[in-house]
Amino acid sequence: MTESAVLPNPAPAIDPETKPYWDATLEGKLIIRHCNACGENHWYPRTLCPFCGSVDTEWLETAGKGTIYTFAITRKGLGHYGGVGPYVLAFVALDEGPTMLTNIIECDVDALRIGDRVEVVFHKTEAEAALPRFRPVAQ
Amino acid sequence: MSIRGAAFIAGAYEHPKRVIPDKSLGQVHAEVAAGALADAGLSFSDVDAYFCAGDAPGLGGISMADYMGLKLRYTDSTETGGSSYIAHIGHAAAAIKAGKASIALITLAGLPRQMSSNLVMEGSEAPEDPFEAPFGPTVHGLYALAARRHMYEFGTTSEQLAEIKVAASIHAQYNPNAMLPKPVTVEEVVNSPMVSDPLHRLDCCVVTDGGGALIVVSPEVARDLNRSVVKVLGHGEAPKHTNGGKVDVTFTGARWSGPAAFEEAGVSPKDIDYASIYDSFTITVLETIEDLGFCEKGKGGEFVLDGALQAPFGKLPFNTDGGGLANNHPANRGGMTKVLEAVRQLRDEAHPAVQVPNAQIALAHGTGGSLPTRMGAATVILGREDA
């Protein structure tokens, strides 16, 4: 049993294109971008659909649930994470489709497996934004 | 239009040092440039095209052109991370073919051991940065994401990855300049400390100061030089990215750059006598070997067993200088040194213990950036002068 470390909450840069996304994180909502032209959902959120080139895209609220696609257990971080560890960097595949980079928190890093179900948790930063991280849900 | 035979590598030079506390970055660029020019029998005043990546000090190649006193008619500062220098060869050959240049200089230099670490992926203005950097993605953490998924899908083991380090370390013992000249065993690799699980410290490349340079010339110039030259047979490049969130970390951009290079060169993986494979991490090599077609996808772990990568008699002798894993990874960018060792092999100038007998065709492959998120990939296929 190795408990994952408590993580720093570095503030993301917020720009006009993605401000609605960060505003939603403050309300505990994970939103992604949906394309009305081709029907695809994409990540990270942007106005242009990277699959069909349409700008007819809109925000879509997710259920905040997904599956671990892969993960790494970093023993000691760098930069904002200097000295922090062990912590889990992961790609989580959202139930709505896209796979996003994030952390798995509040977990036994030794017990974590690809395919584990996870749910979003938000960590407030110093900016007007919270970071979407994920924790395991009971199987 | 093909670049096959349109250009020759006439000069190659690797800085002998791995730790350089007493020089400036511009100085190291100039030193490796001078070394490669001397190797070719040319001088700074002969150069009419200059190539560097985005990490060269100053504005593209212009600041370094100023430093070295170059009078140019062509510059290219294509930035695809560690793969840049392999892309530059293709671009230089195309420029030569188009008559825009005849003697191209490519340089790489870096001093990561004395500068602040650039292994931290944060603080860029890239559009993805706010959605990734806050989660602590170190370079080794990101590559560990690829390793774990490859293990999950294909049953690849840490011991199989370790074989790659072992082969590189066996080669490095013959390189007097290698950062890690001592051979290691599979047990030593898998028992070295975890950095980002499942990658151990010995799954990682070295961090070194230094650099290297290449001189790419037209056939006309090559003919007049008193030096054996290496023919550029083919080149391919392909960025790979997160594809709008349809992420697949089990393959690299080599899946696309490799076939393009093979097609232009008119050869196939079975024709390759020696391969320099980008080796930032052991997993980088494993996935790249699969993507270049040396084995089936997912079978890389089996392929690297039984000394397959060891020169001179393995199935695919690789990185005979010790590679980034044991010799040199200057500026955290390994593409240049990949080409340098391929050139040595084709000129019969590798260490006799690792020289592949009668090596006719070599491949050098570069990876840049971060395999599981955004990476550059570039492949070049080289041959002997008469290939």
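The values are calculated or read from the model by the stated rules, or taken from the named source; none is laboratory data. These figures come from a predicted structure and were not determined experimentally. Every residue, glycine among them, receives a Cβ derived from its backbone with ideal geometry; neighbour counts consider all protein chains shown.
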Item to check | Checklist (1) buried (at least 24 other Cβ atoms within 10 Å of the Cβ); (2) of a type in the set (Gly, Ala, Ser); (3) out of contact with any Lys or Arg (no Cβ under 7 Å at 6 or more places or on another chain) applied to B:Ala101, failing item | outcome: (3)
Item to check | Identity of the residue in the stretch B:10-45, touching a strand residue (DSSP E or B) at 6+ places or on another chain (Cβ under 6 Å) and of a type in the set (Asp, Glu), that ends up nearest to B:Lys231 (Cα to Cα) | outcome: B:Asp39
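Could you tell me whether B:Ser192 is at pLDDT 95 or above, surrounded by fewer than 20 Cβ atoms within 10 Å (Cβ to Cβ), in contact with a helix residue (DSSP H, G or I) (Cβ under 9 Å, 6 or more places away or on another chain) and in the same structural domain as B:Pro312 (by TED's automatic domain parsing)?
It is true that B:Ser192 is at pLDDT 95 or above, surrounded by fewer than 20 Cβ atoms within 10 Å (Cβ to Cβ), in contact with a helix residue (DSSP H, G or I) (Cβ under 9 Å, 6 or more places away or on another chain) and in the same structural domain as B:Pro312 (by TED's automatic domain parsing).
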Checklist outcome for this item: Among residues of the stretch B:78-98 being touching a residue at least 24 places away in the same chain (Cβ under 8 Å) and farther than 19 Å from B:His365 by Cα, the residue surrounded by the fewest Cβ atoms within 10 Å (Cβ to Cβ) is B:Lys97
Checklist entry - Within the stretch B:43-73, can you find the residues that are surrounded by fewer than 19 Cβ atoms within 10 Å (Cβ to Cβ), aromatic (Phe, Trp, Tyr) and within 22 Å of B:Ile9 (Cα to Cα)? => result B:Phe44
Checklist entry - In the stretch B:38-61, which residues are among the hydrophobic types (A, V, I, L, M, F, W, C) and closer than 22 Å to B:Ser83 by Cα? => result B:Ala49, B:Phe51, B:Cys52, B:Ala53, B:Ala56, B:Leu59
Item to check | Residue check, B:Leu309 of a type outside the set (Ser, Thr, Tyr), farther than 22 Å from B:Ile106 by Cα and either assigned to a helix (DSSP H, G or I) or more than 17 Å from the chain's Cα centre (by Cα) (or both) | outcome: no
Checklist entry - If you scan the stretch B:124-142, which residues turn out to be in contact (Cβ under 8 Å) with a residue 24 or more places away in the chain, part of a helix (DSSP H, G or I) and at the interface with chain A (Cβ under 8 Å from one of its Cβ atoms)? => result B:His140, B:Gly141, B:Leu142
Checklist outcome for this item: Within the stretch B:25-77, residues being closer than 22 Å to B:Lys100 by Cα and acidic (Asp, Glu) number 4
Next on the checklist: Restricting to the stretch A:89-106, name every residue that is more than 9 Å from chain B (Cβ to nearest Cβ) and surrounded by 22 or more Cβ atoms within 10 Å (Cβ to Cβ).
Outcome noted: A:Val92, A:Ile104
Checklist entry - Within the set of pairs 6 or more residues apart or between chains, which connect a residue that is within 12 Å of chain B (Cβ to nearest Cβ) and at negative phi inside the stretch A:10-32 to a residue that is aromatic (Phe, Trp, Tyr) and assigned to a loop (DSSP other than H, G, I, E, B) with Cβ atoms less than 9 Å apart? => result A:Thr18/A:Tyr44; A:Tyr21/A:Tyr44; A:Ile32/A:Trp43; A:Ile32/A:Tyr44
Item to check | All positions within the stretch B:199-208 that are assigned to a loop (DSSP other than H, G, I, E, B) and crowded, with 24+ Cβ neighbours inside 10 Å | outcome: B:Cys205
Next on the checklist: Among the numbered criteria (1) within 24 Å of A:Lys124 (Cα to Cα); (2) β-branched (Val, Ile, Thr); (3) surrounded by 19 or more Cβ atoms within 10 Å (Cβ to Cβ), which one does A:Thr57 miss?
Outcome noted: (1)
Checklist entry - What about A:Leu131, is it assigned to a loop (DSSP other than H, G, I, E, B) and either within 10 Å of chain B (Cβ to nearest Cβ) or touching a residue at least 40 places away in the same chain (Cβ under 8 Å) (or both)? => result no
Checklist entry - Has the stretch B:151-174 got any residue that is surrounded by fewer than 17 Cβ atoms within 10 Å (Cβ to Cβ) and not in a helix (DSSP H, G or I)? => result yes
Next on the checklist: Would you confirm, using the coordinates I've provided, whether A:Gly83 is within 12 Å of the chain's Cα centre (by Cα) and more than 8 Å from chain B (Cβ to nearest Cβ)?
Outcome noted: no
Item to check | Matching residues, the stretch B:371-381, being crowded, with 24+ Cβ neighbours inside 10 Å and more than 15 Å from B:Ala53 (Cβ to Cβ) | outcome: B:Leu371, B:Pro372, B:Thr379, B:Val380, B:Ile381
Next on the checklist: Any residue that is under 17 Å from the mean Cα position of the chain (by Cα) and not in a strand (DSSP E or B) - is there at least one of those in the stretch B:235-242?
Outcome noted: yes
Checklist entry - Right, B:Ser257: in contact with a strand residue (DSSP E or B) (Cβ under 7 Å, 6 or more places away or on another chain) and either more than 14 Å from chain A (Cβ to nearest Cβ) or not in a loop (DSSP other than H, G, I, E, B) (or both) or not? => result yes
Checklist entry - Got at least one residue in the stretch B:152-163 being within 14 Å of another protein chain (Cβ to nearest Cβ), modelled with pLDDT of 95 or more and in contact with a Lys or Arg (Cβ under 8 Å, 6 or more places away or on another chain)? => result yes
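Yes or no, residue by residue, for (1) buried (at least 24 other Cβ atoms within 10 Å of the Cβ); (2) closer than 26 Å to B:Asp348 by Cβ; (3) among the aromatic types (Phe, Trp, Tyr):
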site: B:Ala213; (1), (2), (3): yes, yes, no
site: B:Val221; (1), (2), (3): no, yes, no
site: B:Val229; (1), (2), (3): yes, yes, no
site: B:Val232; (1), (2), (3): yes, yes, no
site: B:Ala238; (1), (2), (3): no, no, no
site: B:His241; (1), (2), (3): no, no, no
site: B:Lys246; (1), (2), (3): no, no, no
site: B:Gly253; (1), (2), (3): yes, no, no
site: B:Pro259; (1), (2), (3): no, no, no
Checklist entry - Going by the conditions given, is B:Val232 over 22 Å from the mean Cα position of the chain (by Cα) and within 25 Å of B:Ala311 (Cα to Cα)? => result no
